[in-house]
1. How much net charge surrounds VAL127 when only other residues with a Cβ under 9 Å from its Cβ are counted (Lys, Arg +1; Asp, Glu -1)?
2. How far apart, in nm, are the 7 Å Cα→Cβ label points at ASP67 and GLU45?
3. Sorted from fewest to most neighbouring beta carbons within 10 Å, what does the list THR35, THR94, THR43 look like?
4. Say each of SER135 and GLU208 gets a label point 7 Å from the Cα, pointing the same way as Cα to Cβ; how far apart are those two points in nm?
5. Where in the range 130-168 are there GluC sites (Glu not before Pro) that are in a DSSP coil and have at most 16 other Cβ atoms within 10 angstrom of their Cβ?
6. For a label point 7 angstrom out from the Cα of ALA217 toward its Cβ, which stretches of the range 157-180 have the backbone nitrogen within less than 17 Å?
7. When the convex hull of the C-alpha atoms of the range 5-134 is computed, what volume per residue in Å³ does it have?
8. Need one word for the range 167-206: rounded, prolate or oblate. Basis is the Cα gyration tensor (sqrt eigenvalues a ≥ b ≥ c); a/c below 1.5 gives rounded, then a/b vs b/c decides.
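What follows draws every value from the coordinates through simple rules; no lab data is involved. Here the structure is a predicted model, which is why all the values come from computation and not from measurement. Note that each Cβ is placed from the backbone with ideal geometry, even for glycine, and that neighbours are counted across all protein chains shown.
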Amino acid sequence: MPLHRTASIVVLTGAGISRESGLHTFRDADGIWATVRLEDVATPEAFARNPRRVQEFYNARRRGLLDPAVRPNAAHAALAELERRWGGGVLVVTQNIDDLHERAGSRNLIHMHGELLKAVCVRCRTVTEWRGDLSMEDVCPACARAGGLRPDVVWFGEMPYQMDRIGEALAGCDLFVSIGTSGNVYPAAGFVAEAGRYGAQTVELNLEPSAGATEFARSIHGLATAVVPAFVRSLLDGADI
Ligand code: BJW
């Protein structure tokens with residue numbers, strides 16, 4: 001059955017959607033966790049133990065993101081077009097800390113794992129735009145204290161952002177689409193079951209079956225730049241899901 005044009009859509013994205021823009025995924029053979037242990041860079045304990053090591057890891061990734069060669073790809077663009085042209089609501093919930101969705105034009109967007117181009121002060125909680133390297137010597141522009149700025153990203157053991165708003169959107173959506181995520185990290189990996197429980201149709205678009213592939217009513221496998229624009233086109237053309 002085609003989806004009614006007033007239907008509400010929630011799209012979850014992961015690192016796979018940005019792979020063809022030149023950014024690494026985490027768990028693929030050439031992924032980030034193949035070169036660095038997540039326990040050394042992506043936990044609050046790692047930051048407490050060796051803040052400089054963690055700052056260096058994110059400084060390198062921030063520089064990579066700001067490389068002019070890294071640009072939104074056809075999959076990011078297709079989701080922005082869907083938001084512009086779809087009658088019902090489209091919410092993109094991304095696990096990615098890059099800014100490629102907003103650069104492509106997505107506006108109704110939640111960065112549940114934070115944003116690489118922002119720093120948060122652990123002393124006063126103020127979030128500041130940050131495009132340069134970050135160090136323990138930097139001073140928070142809000143509270144003027146040094147040593148408290150960290151990347152505004154969600155590490156293991158920390159609560160992802162805007163979970164209440166995401167929960168409401170999952171409960172109210174008619175279609176849940178998961179793109180480019182391996183389905184290994186919770187709570188995002190549980191969104192398909194949550195949306196399905198409330199009666200949403202569920203579709204996975206990924207290079208390969210994710211860890212939660214059997215939870216989806218439909219799976220389409222291929223490169224994000226091929227399968228996402230095709231899927232968006234089929235929605236806008238009123239094809240069956
Ligand atoms: C392509 C492609 C192409 C490639 N086209 N596709 C035991 C059981 C259950 C849970 C837990 C547990 N022990 C601990 C937990 C909780 C923990 C967790 O899930 N751990 C698991 C490892 C087991 N989660 C947390 O701690 C989270 N917080 C939390 O749970 O708080 C409590 C809470 C309770 C109740 C409700 C709510 C909250 C926080 C998780 C923070 C994750 N942080 C990271 C790093 C920080 C940001 C950064 O540095 O970038 O976020 S980890 C990393 O993984 C990053 C990602 O956002 C996240 C997900 O990765 P993603 O996007 O799926 O990437 P990959 O590489 O795994 O997959 C890419 C996919 O793309 C692959 O399938 C490819 O095939 C595909 N692909 N090229 C299409 N061209």
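1. -1
2. So the two model labels end up 3.2 nm from each other.
3. Fewest-to-most ranking of THR35, THR94, THR43: THR35, THR43, THR94.
4. Those two pseudo-labels are separated by 4.1 nm.
5. Values: sites: GLU137, GLU158, GLU168; in loops: GLU137, GLU158.
Sites meeting the loop and neighbour criteria: GLU137, GLU158.
6. Within reach of a label on ALA217: 170-179.
7. So the per-residue hull volume is 121 Å³.
8. Because a/c hits 1.5 or more and a/b fails to exceed b/c, the range 167-206 counts as oblate.
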